[in-house]
1. Please indicate, with yes or no, whether at least one residue in the range 441-460 is free of Cβ contacts under 8 Å to residues at least 12 places away in the same chain, more than 20 Å from residue 358 (Cβ to Cβ), surrounded by fewer than 22 Cβ atoms within 10 Å (Cβ to Cβ) and not assigned by TED's automatic domain parsing to the domain that holds residue 203.
2. Which residues, counting only those in the range 168-213, are modelled with pLDDT of 95 or more and over 27 Å from residue 557 (Cβ atoms)?
3. Just to verify a result, which residue in the range 119-139, among those that are exposed (fewer than 15 other Cβ atoms within 10 Å of the Cβ) and more than 23 Å from the chain's Cα centre (by Cα), is nearest to residue 32 (Cα to Cα)?
4. Considering only the range 328-348, state which residues are surrounded by fewer than 24 Cβ atoms within 10 Å (Cβ to Cβ) and not in a strand (DSSP E or B).
5. In this structure, does residue 56 turn out to be at pLDDT 90 or above and part of a loop (DSSP other than H, G, I, E, B)?
6. Among the residues that make up the range 287-299, is at least one of them touching a strand residue (DSSP E or B) at 6+ places or on another chain (Cβ under 9 Å) and modelled with pLDDT of 95 or more?
7. For the range 499-512, which residues satisfy the criterion of being out of contact with any strand residue (DSSP E or B) (no Cβ under 6 Å at 6 or more places or on another chain) and either without any contact (Cβ under 8 Å) to a residue 40 or more places away in the chain or surrounded by 24 or more Cβ atoms within 10 Å (Cβ to Cβ) (or both)?
């Protein structure tokens with residue numbers, strides 16, 4: 001395979017100008033993916049032997065899994081080897097460069113990935129890395145001999161990152177589909193969260209679709225607005241907007257047993273109700289989609305403005321205002337860091353602080369040369385993305401897991417968990433060397449990963465400002481001119497910002513009625529105890545696919561984007577399986593659902609999310625302390641489970657052959 005990589009379409013000028021851009025890019029490129037590109041361009045795998053032993057970040061072995069410390073932090077290599085790789089790139093790369101290697105076979109891929117990451121990469125990771133890095137598209141597993149008939153239709157509820165992906169993949173697979181979106185635009189979370197400082201806390205070059213790489217990210221961690229722009233570009237590129245009905249809320253979905261179809265009732269912005277029929281329904285609502293508004297006495301009496309971050313009003317001017325922020329998670333730290341220079345006073349009310357770690361790249365711009373390399377140097381983007389995924393995925397699997405012997409004598413959960421604890425503690429203490437009061441208030445009482453680890457965009461620095469006060473408390477009551485905290489202090493305020501996140505809601509806001517009149521809300525106890533097979537299917541609800549369902553979130557690493565791709569892939573495989581085998585619908589067997597969830601609970605019992613004695617309250621757990629959000633498996637294991645349906649775990653409805661349709 002030989003692939004010619006086009007120059008950046010924005011590049012202008014003669015050949016000398018383009019060569020100058022290439023050589024300028026080489027000087028800022030990450031040396032590891034640059035070395036991989038040299039192998040692709042030259043076809044010379046000897047470069048791996050020449051540079052591999054020198055291009056090291058840590059001691060041999062996977063330091064995340066073993067708990068040993070790396071000899072150098074990710075992204076920093078010995079200066080001499082970096083200089084040598086750049087020199088070789090200046091020598092070998094030209095503006096007419098081509099990929100002479102294509103997608104490496106498994107053996108070569110392992111060699112290259114091991115050098116690119118400075119860690120051993122086992123062969124079991126090859127399929128997921130190839131896909132998630134963007135070397136190949138999701139590979140279909142169920143044989144494709146039947147073309148989806150025009151009258152086999154699918155309804156998708158929601159046009160966020162999962163719904164958009166579902167529309168693209170349904171279209172590509174030939175299925176008739178319709179997307180209903182309650183809001184006026186696509187984007188889900190990223191259309192709702194427009195608060196000051198809103199940003200993604202997963203690296204931008206990974207937090208995107210593997211089949212739609214973007215070389216133009218302005219930051220290594222994109223703002224919410226930039227991510228929304230990316231999603232809009234994807235929708236436009238794939239031409240799926242015409243299949244999305246905006247300002248259309250799905251009210252209910254009812255399974256019609258004798259016809260093996262779903263009847264879905266919608267309400268448009270003008271109040272018009274319509275009933276639609278579909279063979280399958282895909283919910284793409286996410287699990288955190290309803291604002292968590294605290295029930296505090298006197299909120300209706302406040303004389304200023306109260307705004308939740310998910311319902312931000314762009315007309316609010318915070319200049320010279322006395323502002324109170326309630327919350328301590330990722331949203332709160334982003335808001336505080338962003339508005340600190342605008343306000344007269346800023347009071348941050350923190351009930352339960354998170355562990356916060358430094359991450360310089362959170363606010364770093366991507367150099368123009370890096371963008372040029374991503375767009376033009378063969379396979380540089382794929383290897384750059386592979387590294388972003390690798391260091392934020394199953395390398396971190398050990399972090400939330402309990403080592404029974406270790407916890408007998410340590411606060412942390414394991415040696416690896418101790419590394420995170422020490423990093424966070426050291427960062428906290430070094431940020432406030434003269435403020436032991438802040439160190440005390442900002443120290444969590446639970447192990448790292450009990451709640452989401454927060455990357456600091458400037459929050460700690462903001463707390464050192466003279467006009468900023470931190471309260472380790474919550475709201476007791478609100479008055480017309482301020483807030484009384486639970487520590488008994490009165491805080492005057494003009495604006496109250498609720499950075500309190502979202503209430504956990506697994507699709508139960510919609511009246512979904514399955515076989516025998518059972519409702520999903522009742523089955524899941526109002527959403528408090530959701531259980532699904534593979535996090536997607538529920539017994540008694542044939543051809544209902546709940547994406548981002550219970551126990552499916554990759555809480556130890558990666559991002560919602562991989563969950564989107566895993567679930568949508570599985571759904572397409574299930575639908576194709578029905579067509580290939582002449583069935584109308586599939587329903588998961590109750591014993592299969594119960595056995596799967598038994599294994600889920602057993603695995604989660606060994607984590608900080610549910611371990612006895614953990615002092616953690618948050619959306620990961622339900623009212624009885626069961627973890628309902630995290631997936632217990634490694635990403636590679638869960639990805640593998642979702643390659644195709646297992647017919648032994650399923651019951652099939654209807655027996656018509658494809659020719660009878």
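1. Going through the range 441-460, the residues free of Cβ contacts under 8 Å to residues at least 12 places away in the same chain turn out to be none.
No.
2. Listed by number, the residues that qualify are 170, 171, 172, 173, 174, 175, 176, 177, 178, 179, 180, 181.
3. In this case the residue turns out to be 120.
4. Of the residues in the range 328-348, the ones surrounded by fewer than 24 Cβ atoms within 10 Å (Cβ to Cβ) are 329-330, 337-345, 347.
Matches in the range 328-348: 329, 330, 337, 338, 339, 340, 341, 342, 343, 344.
5. Values: at pLDDT 90 or above: no; part of a loop (DSSP other than H, G, I, E, B): yes.
When the stated conditions are applied, residue 56 does not pass them.
6. The initial filter retains those residues of the range 287-299 that are touching a strand residue (DSSP E or B) at 6+ places or on another chain (Cβ under 9 Å), namely 287-294, 296-299.
Now narrow it down to the ones that are modelled with pLDDT of 95 or more: none.
No, because not a single residue in the range 287-299 is touching a strand residue (DSSP E or B) at 6+ places or on another chain (Cβ under 9 Å) and modelled with pLDDT of 95 or more.
7. 506, 508
A quick yes/no check of all residues on (1) more than 30 Å from residue 31 (Cβ to Cβ); (2) crowded, with 23+ Cβ neighbours inside 10 Å:
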{"residue": "318", "(1), (2)": "yes, no"}
{"residue": "326", "(1), (2)": "yes, yes"}
{"residue": "370", "(1), (2)": "no, no"}
{"residue": "374", "(1), (2)": "no, yes"}
{"residue": "379", "(1), (2)": "no, yes"}
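The values are calculated or read from the model by the stated rules, or taken from the named source; none is laboratory data. Given the structure is predicted, the values throughout are model-derived calculations rather than measurements. Note: ideal-geometry Cβ built from the backbone for every residue, glycine included; neighbour counts use all protein chains shown.
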